[in-house]
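Encoded as structure tokens, the structure appears first; notes follow it.
The values are calculated or read from the model by the stated rules, or taken from the named source; none is laboratory data. Model, not experiment: these values are computed from the prediction. Counting neighbours? That spans all protein chains shown, and the Cβs are built from the backbone with ideal geometry, glycine included. SASA here: full protein model, heavy atoms, side chains in, ligands and nucleic acids out. Shrake-Rupley method; radii C 1.70, N 1.55, O 1.52, S 1.80 Å.
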Amino acid sequence: MTEIFTISLIWSTIRLSTPLILAALGGMFSERSGVINIALEGMMLAGAFTAAAVTYAVGSPFVGLVAGMGAGIVIAAIHAIACIRYRADQVVTGTAINILMIGVPGFLSGAFFLSSGSTPQIPKEHLIPWTPIWIAVLLVPLSWYVLYKTPFGLRLRSVGENPEAADAAGVPVARMRYAGVLLSGLLAGIGGAYLSIGQSSLFTRNMTSGRGFIALAALIFGKWRPVQTMLACLLFGLTEAVTIQMQGVVKLPSGEDIPVQFIHMVPYVLTIIVLAGFIGSSRPPKALGIPYQKER
Amino acid sequence: MIELRQITKRFGAVLANDKVNVVVKPGTIHAIVGENGAGKSTAMRIAYGFYKAEDGEILVDGQVHSIETPHDAIALGIGMVHQHFMLVDTMTVAENIVLGAEPGSVVALDLGKASVEIRRLSEEFKLAVNPDAVIENLSVGQQQRVELMKALYRHARLLILDEPTAVLTPQEVEEFFSILRRMREQGKTVVIITHKLAEVLAISDEVTVMRDGRVVGSLQTKATNAAELARLMVGREVLLRVEKTPAKTGSTELSVRNLTVTARGGAKPVKDVSFEVRKGEILGIAGVEGNGQTELIEALAGLISPSQLSGEIRIEDRDITREGARLRRELGIAHIPEDRHRRGLLLEFDLAENSILGVHYRTPVVAYGGAFLDYGAIRSRTKEIIEGFDVRPANPDLPARVLSGGNQQKLIIGREFKVNPKLLLVSQPTRGVDIGAIEFIHRKLVGLRDSGCAVLLVSAELEEVTSLSDRLLIIHEGRIVGEVDPKVATIEEIGLLMTRGH
């Protein structure tokens, strides 16, 4: 067992937590404004694909990263317009976006790169394994400051708690919600970009494999607060790191390897347990999921 | 100060405001009265930029302004306190007050500066509020002060108050009125929307009366009286005082001994309560809302688990403490609940279905041994209720949702009267109901009493509970703290018992 807990485990935890932290903080801005963001997964996929494709084409990972942010924002804009302008059901819209984003990257890579699903390999010198980690680290205190110490944060929180009160106080409810959702697209886009041009060197089909949802779980577990959310992300990241190291190391009493599929299940099972155990004690923004309608 | 000219506003097919004209003079307290749905709030919400008028114009200080959003209204010095407070419960007083008009720069919120300003305003207008308290921990009266502070913080010169006293105790109302008078002295203008005539006469300088979306009178308060205002509001003569003969009481119908209700958290909303209700009398229970009335009535109606009750509830000679709601109904207990949407109606069901709730398993509404509903019988029963209780529109197929509050209430009352109860438990019978319907409901309740039914009445309206009751108990923090004779007790005396307990 001791061989699992090493320095490399810490690095591995940080690497695996980074996309979760980025996406979860993004989700926080959206949900604090009152819009459920189940579409984090789709926004991450958009960011991952676009970043990989642009980096490959242009040869600059920073241009790729910016493009990934842009792609996240575009997807977020779809979610925002459907949920805010047309008051669509936020869960249904988010789910539709997620399904859509499983297909779209494959379709586009087929068109651009004559492959179905993945982008070509990006040379090692064009990867950015560190920048997104620093962004994530700096983003935690920054998000806290923005949320609690600026007029923008106060307005954002008020719109998620009681949009009528905010409206009566002269706060533009729709504009604040757009800002929250678009910010979530931007951050989830960075999280996705990190997966394709930071951790690995290409985009593969559905490469987020549920990280958007785990980020959402971490957000709930972290009570929609930046620091707690980061800690929750680190916990999920640690679990994933441990499971990777466990493969081939931890054996059944009979001496056989535990099937790798079972080990891969651990982070997801943990997500369910954590949510089932803690969701009751976590109080979501009061107006979360409720479209705001002025005249009733 | 502000003038509405020919304001017209439609909600779907309903004409909420029809060429409304209101002139509010600076430095006055101006009352706008009317029944529910008369369009008072709509007109004022238009003035505050919450709604957009289809036609008409608004003048502020003699000049035409277009007020598209609350933001525009605030910029013109107009503030509004809504009936349902517009506060963010999880935030502090200071955060709520500055929201939308934050001090400091874009990148740094300066709540310290805000607190200083809030303290200064507290002094000036004698509005005690702690800037650091979280809203959800404050009483309703304190929350209202935060709402006033919000408007003052934005330098409002005109304050629009929508039904501000609905949530206050009599003592708080007095205090609130002195705050309003102080504001008038400081040169502010106040518009108060209300349907309580006594308040109009007590506080206002001028009054505008609305009915069915139109202004039907603009008067000097000094030159009018309650009867005239009521006539304008309803459109016909209204009896403001309940007429009733002395009660002819019979034997004891309900007796409650040492009843205590223990809530799930361990709190005791009802503590050691004992009383009796006799046939042919109305026993009133007065108290500030949230002092155990809800739990008391629900315990009597069989809506609280017997495991949470101790003490004894008897109907005639039978101990029903452990019995469920169905058996209690069969023994002749009827219940008109305080919250008609939560306990009284299935809003999406039609009137016919709603009018058989509680008897839905019994003859005459079932056929073939209870296997089927007898729709013929249901329809004729519904018709009788609709006709007997003047429910409008008189269509048994409409969902209950589309009826106005008063008509929903009349349907429930009709349904409960229809079972010829021996004991009627009734909570807030006229909440959100128009004056005309109030008069009707009061007459029906007195009529039921005269036919020998025992009535237990809970109401937050002191006027109502004193005028209807034959005897009056006062409840405070779950205990009965006194009994008064409603014919001789003053509102002040009762109000004092309600708030202090002794």
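Could you state the accessible area per residue of chain A in Å², with a 1.4 Å probe and every protein chain left in place?
I get 43 Å² per residue for chain A.
For segment B:186-263, run through the GluC sites (Glu not before Pro) and keep only the ones in DSSP coil with at most 14 other Cβ atoms within 10 Å of their Cβ.
Taking segment B:186-263 and a limit of 14 other Cβ atoms within 10 Å, the loop GluC sites (Glu not before Pro) found are B:E237, B:E243.
I'd like the FRET efficiency for B:V140 and B:R379, computed as 1/(1 + (r/R0)^6) with the beta carbon distance as r and R0 of 51 Å, rounded to 0.05.
Computed FRET efficiency for B:V140 and B:R379 comes out at 0.70.
Can you pull the three principal axis extents for the Cα set of segment B:155-236, in Å, largest first?
Largest first, segment B:155-236 extends 38, 27, 23 Å along its Cα principal axes.
Using DSSP, restrict attention to beta bridges with both residues in chain B and report what percent are antiparallel, rounded to the nearest 5.
Bridges in chain B are about 55 percent antiparallel.
Does the protein assembly as shown come out rounded, prolate or oblate, given a ≥ b ≥ c as the square roots of the eigenvalues of its C-alpha gyration tensor, rounded meaning a/c under 1.5 and, failing that, prolate meaning a/b above b/c?
Prolate, since a/c reaches 1.5 and a/b exceeds b/c.
Taking segment B:254-324, which trypsin sites (Lys or Arg not before Pro) meet the DSSP loop condition and have no more than 13 other C-beta atoms within 10 Å?
Sparse-neighbourhood loop trypsin sites (Lys or Arg not before Pro): B:R264, B:R322.
Where in chain A lies the longest segment free of chymotrypsin sites (Phe, Trp or Tyr not before Pro) that are both loop residues by DSSP (not H, G, I, E, B) and have at most 12 other Cβ atoms within 10 Å?
Answer - A:131-296.
So what is the relative contact order for segment B:285-360, in percent, with contacts set as C-alpha pairs under 8 Å and at least six apart?
Dividing the mean separation by the residue count of segment B:285-360 yields 20 percent.
Relative contact order, percent, of segment A:2-275 when contacts are C-alpha pairs under 8 Å separated by at least 6 residues?
Rounded, it is 36 percent for segment A:2-275.
Can you list the residues of segment A:122-154 whose accessible area drops by at least 50 Å² going from the chain on its own to the full set of protein chains, with a 1.4 Å probe?
Residues shielded by partner chains are A:P151, A:L154.
Please identify which residues in segment B:269-312 have an amide N closer than 11 Å to a label point set 7 Å out from the Cα of B:R257, following the Cα→Cβ vector.
Zone members listed by number: B:311-312.
Go ahead and estimate [θ] at 222 nm for chain B from helices alone: -39,500 (n - 2.57) per DSSP H run with n ≥ 4, summed, over the residue count, rounded to 500.
Computed mean residue ellipticity for chain B: -9500 deg cm²/dmol.
So how much accessible area does B:R342 have, in Å² to the nearest 10, using a 1.4 Å probe?
Accessible area of B:R342: about 150 Å².
Using the Cα centre of chain B as origin and beta-carbon charges of +1 (Lys, Arg) and -1 (Asp, Glu), tell me which of B:A400, B:P364, B:S204 is placed farthest towards the positive end of the dipole.
Ranked along the dipole, the leading option is B:P364.
Could you derive backbone 3J(HN,Hα) for segment B:178-193 from the dihedral phi with the Karplus parameters 6.51, -1.76 and 1.60 (θ = phi - 60°), listing whole Hz in sequence and x where the residue is Gly or Pro?
For segment B:178-193, the Karplus-derived couplings read 5, 5, 4, 5, 4, 5, 4, 4, 7, x, 7, 10, 10, 10, 10, 8 Hz, x marking Gly and Pro.
Taking a cut-off of 37 Å, what percent of all Cα-Cα pairs in chain B are separated by more than that?
Result for the distance tail: 36 percent.
If you take each beta carbon of peptide B:95-108 and count the beta carbons of other chains within 10 angstrom, what is the mean?
Going residue by residue through B:95-108 and averaging, the value is 5.
Name the residue from B:G100, B:P26, B:M233 whose Cα lies farthest towards the positive end of the charge dipole of chain B, charges +1 on Cβ of Lys and Arg and -1 on Cβ of Asp and Glu.
B:M233
For A:V250 and A:I290, what is the calculated FRET efficiency with R₀ set at 45 Å and r taken between the beta-carbons, to the nearest 0.05?
0.50
Skipping prolines and chain starts, which residues have an amide H placed within reach, meaning under 5 Å, of the one on B:T189, given they are 5 or more residues away or on another chain?
Counting only residues 5 or more places away or on other chains, the set is B:G27, B:L158, B:L159.
As a check on your grasp of the helix formula, calculate [θ] at 222 nm for chain A: sum -39500 (n - 2.57) over DSSP H runs of n ≥ 4, divide by the residue count, round to the nearest 500.
That comes out to -22500 deg cm²/dmol.
Binned at 5 Å from 0, what are the whole-percent values of the Cα-Cα distance distribution for segment B:1-115, short to long?
2, 10, 18, 19, 17, 12, 10, 7, 4, 1
Determine the shape class of segment B:333-395: with a ≥ b ≥ c the square roots of the Cα gyration tensor eigenvalues, call it rounded for a/c under 1.5, and otherwise prolate if a/b is greater than b/c, oblate otherwise.
Since a/c reaches 1.5 but b/c is at least a/b, the shape of segment B:333-395 is classed as oblate.
Hey, can you grab everything whose amide H is under 5 Å from the amide H of B:R278? Only 5+ residues off in sequence or another chain; H modelled, so Pro and N-termini drop out.
B:E253
Can you put A:D89, B:D339 in order of accessible area, largest first, using a 1.4 Å probe?
A:D89, B:D339
Just to be sure I understand the rule: take each whole DSSP H helix in chain A, project its Cα atoms onto its long axis, keep it if the span is 24 Å or more and its mean Kyte-Doolittle hydropathy is at least 1.6. Which ones pass?
A:61-80, A:260-278
Give, ordered by residue number, each residue of segment B:31-63 whose 1.4 Å probe accessible area is reduced by a minimum of 30 Å² on adding the remaining protein chains to the chain alone.
Output list: B:F50, B:Y51.
Accessible area per residue for chain B in Å², computed with a 1.4 Å probe and the full protein assembly in place, what is it?
Dividing the accessible area of chain B by its residue count gives 43 Å².
Over all residues in A:159-167, what is the mean tally of Cβ atoms on other chains that come within 10 Å of each residue's Cβ?
That average works out to 6.
So if I average 1/r over every pair of distinct C-alpha atoms in segment A:2-275 and take the inverse, what Kirkwood radius in Å does that give?
Taking every pair of different Cα atoms in segment A:2-275, averaging 1/r and inverting gives 18.9 Å.
Strictly over 30 Å apart at the Cα level, which of B:K271/B:K444; B:K196/B:K271; A:K286/B:K268 would you flag in this model?
Among B:K271/B:K444; B:K196/B:K271; A:K286/B:K268, the Cα-Cα distance tops 30 Å for B:K271/B:K444; B:K196/B:K271.
Report the accessible surface area buried between chains B and A, summing both sides, using a 1.4 Å probe on protein heavy atoms only, in Å² rounded to the nearest 100.
Chains B and A together bury approximately 2200 Å².
Could you sort B:M233, B:M1 by accessible area so the largest value comes first, with the probe set to 1.4 Å?
Putting B:M233, B:M1 in descending order of accessible area: B:M1, B:M233.
When a/c reaches 1.5 or more, the comparison of a/b and b/c decides; with that in mind, is segment A:66-179 rounded, prolate or oblate per its Cα gyration tensor?
Here segment A:66-179 falls in the oblate category.
What accessible area, in Å² to the nearest ten, does a 1.4 Å probe give for A:S115?
30
How far is helix B:435-450 tilted, in degrees, relative to the longest principal axis of the Cα atoms in chain B, given as a value from 0 to 90 rounded to the nearest 10?
It is inclined by approximately 20 degrees.
Sequence-distant or interchain residues sharing an amide H contact under 5 Å with B:V20, placed H: which?
Close amide H contacts, sequence-distant or interchain: B:Q6, B:I7, B:T8.
Of all accessible surface on segment B:149-205 at a 1.4 Å probe, what whole percent is carbon and sulfur?
Carbon plus sulfur share of accessible area: 50 percent.
Carbon and sulfur together cover what percent of the accessible area of chain A at a 1.4 Å probe radius?
Of all accessible area on chain A, carbon and sulfur atoms account for 70 percent.
Restricting to the protein assembly as shown, what percent of DSSP beta bridges are antiparallel, rounded to 5?
55
Once you put a point 7 Å from the Cα of A:F107 and another 7 Å from the Cα of A:H126, both along the Cβ direction, what distance in nm separates them?
2.5
Which FRET efficiency value, to the nearest 0.05, is calculated for A:R87 and A:R205 with the Förster distance at 25 angstrom and r the Cβ-Cβ distance?
With R0 = 25 Å, the Cβ-Cβ based efficiency is 0.15.
Could you please put B:K196, B:K25 in sequence from largest to smallest accessible area, using a 1.4 Å probe?
B:K25, B:K196
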